[in-house]
Amino acid sequence: MTITRMPAPSPPNVVPMQERRLDRTILRTYRTQVDLDDVVPNPNQPRLGPKEDDELQRQIEANGGLFEPLLVEPHPDLPGKYRIIDGDRRWTNSQKLVERGRDQYRQVQVEVTDRTLSEDERLRVWIYIHRQRKEWDAKEKEMVAYRLVDLVGRASAANILGITVRELDKLVEVFETSRRFTELRDPSAAITWARELMGVSKKLLAPSVIDAVVKKVNEKRITNSKDLRKLRAILPDPVARAHFLSDPGDLESAQLRIRPVERKHKPLNELEGAVEAMKSVPWTTLQELKGDSVVLKKLEEAEELLKSLRKALSQ
């Protein structure tokens, strides 16, 4: 069957434009329907990783099409075409359905801007939209920070994200570490493992420690990301740390080698204990001790001692 595609329409005067505020950018847009082939992906997409998603394809089919229009702009180099601002995954998975003969998904709803955005505007708009979604904090923010540094550099990336360069570097470090966890059952969980590991104090987290953790996780000798919190007790102890870094060492056996912490003598605690002990003497016992010369002598000694202590502390 031959499918004839109409040329992509220009913004018609009769179509009402709407204003859409996204962070610092105010867009004027209109909605229409276009052919998938008239939409071009953005090569500088902030999201990394595979875009094909079987679950998303099922959602498109169940909805009878896209549940949210693609946000697009007039393509600066291809007349009559549109470039994606947001919706690259939706476009990709609609294409996959069409490739399998589901031609009813060839026509897609789009929201078109009245102009082509600048690179800075496009990135800010994409990030603003994605920050409203649950995936942002769950797995996207470190990935996007890493990608932005590659696209625009550290200073501009920090500015677009609204964070300091130092905060940006931490996000990038977490993402780079996550890429080393290659043997997880769920690859998307790598960011959770990396966050737990990089949450350990920098003073304790030498490269050798990171290497050992990555190796033991990939060998499935550590199977719960929260168990990495045990490193906070293991690493300060030289014996436990050395054992964990050894080939046979693991978290549990390293914990057994942590030396007990000696409790330091705290005079204030003992003084508080003495006061509490006096308060806890039953009234009936005090009645029985009434007039006891030995007890009265002890009280006089205690009173003199407290006077001396008060005098010493007040000076």
* Asked: What ratio of Cα Rg to 2.2 N^0.38 Å holds for the range 39-84?
  -> 1.37
* Of the residues Arg58, Arg131, Arg100, which exhibits the maximal mean-square fluctuation in a Gaussian network model of the chain defined by a 10 Å Cα contact cut-off? -> Arg100
* Structure fact -> In degrees rounded to 10, the 0-90 angle between helix 207-218 Cα long axis and the longest Cα principal axis of the chain is 70
* Asked: So, in Å, what gap is there between the alpha-carbon centers of the range 97-119 and the range 26-93?
  -> 5
* Only Lys, Arg, Asp and Glu count, each charged at its Cβ (+1, +1, -1, -1), so figure out the dipole size of the range 183-247 about its Cα centre, rounded to 20 debye. => 220
* What percent does the relative contact order of the range 53-141 come to when contacts are Cα pairs within less than 8 Å and at least six residues apart? -> 30
* Asked: Per residue, how much space in cubic angstrom lies within the convex hull of the C-alpha atoms of the range 18-115?
  -> 113
* Which lysines have a Cα less than 25 Å from the Cα of Lys51, not counting those fewer than 8 places away in the same chain? -> Lys81, Lys96, Lys134, Lys139, Lys141
* Asked: For the chain, what is the mean residue ellipticity at 222 nm derived from helices alone (per DSSP H run of n ≥ 4: -39500 (n - 2.57); sum divided by total residues; nearest 500 deg cm²/dmol)?
  -> -14000 deg cm²/dmol
* To do: Obtain the nm distance between the two label points defined at Glu19 and Arg47 by a simple spin-label model: each point lies 7 Å from its Cα along the Cα-to-C-beta direction.
  => 3.0
* Which GluC sites (Glu not before Pro) in the range 75-170 pass both tests, a DSSP loop state and at most 15 other beta-carbon atoms within 10 Å? -> none
* Structure fact -> log10 I(q)/I(0) for the range 120-168, Debye formula on C-alpha points only (no solvent), q = 0.14, 0.15, 0.31 Å⁻¹, two decimals, reads -0.29, -0.33, -1.30
* Can you list the residues, at least 5 places off or on another chain, whose amide H is less than 5 Å from the amide H of Leu27, using H built in the peptide plane? -> Arg20, Arg21, Leu22
* Asked: What residue among Ala157, Ala302, Ala242 has the largest mean-square fluctuation in a Gaussian network model of the chain, using Cα springs under 10 Å?
  -> Ala302
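Throughout, read-outs are computed from the coordinates displayed, never taken from laboratory work. These numbers come from a predicted model, not from an experiment. When we count neighbours, we look across all protein chains shown, and the Cβ atoms used for this are built from the backbone with ideal geometry, even at glycine.
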